[in-house]
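To keep things clear, I will list the structure first and then write my remarks on it.
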């Protein structure tokens, strides 16, 4: 079998539903890659590993449902997520921590996705 990160999202979803691996294993795989590789890449401004592990564990307690059940993804730093620093790609907002989650993020959560990181917008300074 290929490495988890080499599979397409559709293949990952199929493997999750077939119980070839769990949401926790897939999330841990990506979080490990981020921990090992991001220092040289600088692609992520915030990693919410604890929240991702908790979300994956919660999803595993129920049968697969939702279009994105168990699939990890990266929020862009332009989308507010309650309790997570959101900079909107600007130093002007470096201390902003929203109280509410934006609709875009909530829809992904409702579909069963696992948010684990804040991706740096290409235009951030």
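The values are calculated or read from the model by the stated rules, or taken from the named source; none is laboratory data. Note that this is a predicted model, so its numbers are computed, not measured. Quick reminder, even Gly has a Cβ in these numbers, built from the backbone with ideal geometry, and neighbours come from all protein chains shown.
In the set (1) exposed (fewer than 15 other Cβ atoms within 10 Å of the Cβ); (2) without any contact (Cβ under 8 Å) to a residue 60 or more places away in the chain, residue 112 fails one condition alone, (1). Within segment 16-40, the set of residues being surrounded by fewer than 17 Cβ atoms within 10 Å (Cβ to Cβ), touching a helix residue (DSSP H, G or I) at 6+ places or on another chain (Cβ under 9 Å) and either part of a helix (DSSP H, G or I) or on the phi > 0 side of the Ramachandran plot (or both) comprises 25, 29, 33, 35.
Identify, please: which residue in segment 41-59 is part of a helix (DSSP H, G or I) and surrounded by 15 or more Cβ atoms within 10 Å (Cβ to Cβ) and is, among those, nearest to the chain's Cα centre (by Cα)? Going through the qualifying residues, I end up with 52. If you filter segment 103-125 down to residues that are modelled with pLDDT of 95 or more and part of a loop (DSSP other than H, G, I, E, B), you find that the one that is farthest from the chain's Cα centre (by Cα) is 111. For the condition at pLDDT 90 or above, surrounded by 19 or more Cβ atoms within 10 Å (Cβ to Cβ) and more than 22 Å from residue 2 (Cα to Cα), residue 95 does not qualify. What is the residue count in segment 61-92 for residues that are within 25 Å of residue 19 (Cβ to Cβ) and surrounded by 15 or more Cβ atoms within 10 Å (Cβ to Cβ)? Within segment 61-92, residues that are within 25 Å of residue 19 (Cβ to Cβ) and surrounded by 15 or more Cβ atoms within 10 Å (Cβ to Cβ) number 9.
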